[in-house]
Amino acid sequence: TRLPAKPVVVVPTPTAPLTQNPLKENRLNIGIIGFGKFGQFLGRAFRRAGHSVTAISLLEDQSAVAKEFDIAYSTNILDFCGDKELDIIVLAVSILSFESVLKSLPFEALTGKLIVDVLSVKSHPKQLLMAQLPSQCDVLCTHPMFGPESGKDSWVGLPFMFGKVRIGNHHRVARYLSFFEDAGCKMVQLTCEQHDHLASGSQFVTHLVGRMLARVDLKHTPIDTKGYQSLLNLVDNTSKDSFDLFSGLYRFNTASQSQLDIIRGGFDQLAADLRQSAQPSSLRQSSFMSHVRASETGVITDLATTLRRQGVDVISLSVGEPDFAPPSCVKVAVSDAVDKGFTKYSETAGNFTLRQRICEYLETNKHIK
């Protein structure tokens, strides 16, 4: 897939701490929908920087947590979205629940606000936000590529992807993005499509390998190499994320679906190469043979034959075969030809005598010469 443009990367000077004291006129009024681990993670960071934060949880009461971090808490989505003080709303919900949560919001109350998503896929939320939200809403798609674990001590050098999808109030967006830049994040501007293309080969592959190795149940050994320890750390880190996140990375990113097919093919090829290398040299096939695949038509035909043998009534739409016997005169002629020794390859154009007879027939009966 050809990417439309090169990403814009801004690497800030890594000196700014998360705790800041913005002037009152620069203070942001941020609402967070979804106050789970990541919503709390962002909310605490916004508050430490001196911004005003209001949160709401759609699953369970998180008012005690909000109070602990000096974050206002709402229990009514209509009141929350209708709060005129909130000019930025961050949707910090899961990939799987994003669409249902978005459709449950009172859209008329969101007019004029900046709506920000933080999902790990980007084309999916972009399409939903553009289809559902009023045209007066600004839309900013972001992916903070860190979380409560990797960002617990510092955000310096951690990637923060953003895509300006529909922006009317550029000053407000700049103020919001400056929070992450001032915290030391590596700011990466991409289109949503660019993000998903790149993420399928990095984030999805990372989670896929970690989840796959977790199924193998790797264990520490007395002779662990650094490489093996890295694999164990990968399993540990990816297992801390929910399976819903991993599933969402696959379901809502078509590039990830293609990537899985590529990885499966690569694994099968590598396994075949290993098995082949274990064969005695005299029995080894040429490596070119591993790239030869059976005809799909032949595969379907064989399947139909197998099912018929099992008594299944099958209508095969693979090879085109006549459902009637050849005429008796043809069968007699073929048998006679075999008896006379016409069992060898003819010249490429066909048997000369046969071609002559065909021409005579066409000229006599069809008047074609």
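Structure data summary
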quantity: Filtered residues of the stretch 251-270 (kept if more than 27 Å from SER94 (Cβ to Cβ), open to solvent by 60 Å² or more (accessible area, probe 1.4 Å) and not acidic (Asp, Glu)); calculated: PHE267, LEU270
quantity: Residue that is surrounded by the fewest Cβ atoms within 10 Å (Cβ to Cβ), among those in the stretch 51-60 that are at pLDDT 95 or above and of a type outside the set (Ser, Thr, Tyr); calculated: HIS51
quantity: Hits in the stretch 170-188 - residues which are part of a strand (DSSP E or B) and either closer than 19 Å to LYS126 by Cα or open to solvent by less than 50 Å² (accessible area, probe 1.4 Å) (or both); calculated: MET187, VAL188
quantity: Residues located in the stretch 69-92, provided they are polar (S, T, N, Q) and over 18 Å from LEU42 (Cβ atoms); calculated: THR75, ASN76
quantity: Pairs with Cβ under 7 Å, 6+ apart, first in the stretch 293-306 and under 12 Å from LEU317 (Cβ atoms) and open to solvent by less than 70 Å² (accessible area, probe 1.4 Å), second part of a loop (DSSP other than H, G, I, E, B) and among the hydroxyl-bearing types (Ser, Thr, Tyr); calculated: THR297/SER318; THR301/SER316; THR301/SER318; ALA304/SER316; ALA304/SER318
quantity: Selection within the stretch 316-334 - of a type in the set (Gly, Ala, Ser) and surrounded by 10 or more Cβ atoms within 10 Å (Cβ to Cβ); calculated: SER316, SER318, ALA333
quantity: Residue check for LEU3: open to solvent by less than 30 Å² (accessible area, probe 1.4 Å) and either within 19 Å of VAL139 (Cβ to Cβ) or modelled with pLDDT under 95 (or both); calculated: no
quantity: Residue within the stretch 151-169 that is modelled with pLDDT under 95, open to solvent by 60 Å² or more (accessible area, probe 1.4 Å) and within 27 Å of LEU110 (Cα to Cα) present; calculated: no
quantity: One residue from LEU232, LEU213 being in contact with a Lys or Arg (Cβ under 9 Å, 6 or more places away or on another chain), surrounded by 10 or more Cβ atoms within 10 Å (Cβ to Cβ) and either among the aromatic types (Phe, Trp, Tyr) or without any contact (Cβ under 8 Å) to a residue 60 or more places away in the chain (or both); calculated: LEU232
quantity: Scope the stretch 133-170; condition touching a residue at least 40 places away in the same chain (Cβ under 8 Å), touching a Cys at 6+ places or on another chain (Cβ under 7 Å) and not small (Gly, Ala, Ser); matching residues; calculated: CYS141, TRP155
quantity: Close pairs from the stretch 113-132: first over 13 Å from LYS164 (Cβ atoms), partner among the hydroxyl-bearing types (Ser, Thr, Tyr) and modelled with pLDDT of 95 or more, Cβ under 6 Å, at least 6 apart; calculated: VAL118/THR142
quantity: Restricting the stretch 77-96 to residues that are more than 21 Å from ASN169 (Cα to Cα) and touching a residue at least 12 places away in the same chain (Cβ under 8 Å), the residue that is surrounded by the fewest Cβ atoms within 10 Å (Cβ to Cβ); calculated: LEU78
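Residue by residue, here is whether (1) more than 23 Å from PHE180 (Cβ to Cβ); (2) touching an Asp or Glu at 6+ places or on another chain (Cβ under 6 Å); (3) not charged (D, E, K, R) holds:
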site	(1), (2), (3)
ILE33	no, no, yes
GLN40	no, no, yes
HIS51	no, no, yes
GLN62	yes, no, yes
ASP79	yes, no, no
LYS103	yes, no, no
GLU108	yes, no, no
ASP117	no, no, no
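The values are calculated or read from the model by the stated rules, or taken from the named source; none is laboratory data. In this text, all values refer to a predicted model and were calculated from it rather than measured experimentally. Don't worry about glycine lacking a Cβ; one is built from the backbone with ideal geometry, like all the others, and counts go over all protein chains shown. Quick note on the areas: whole protein, heavy atoms, side chains included, nothing else; ligands and nucleic acids left out. Shrake-Rupley method; radii C 1.70, N 1.55, O 1.52, S 1.80 Å.
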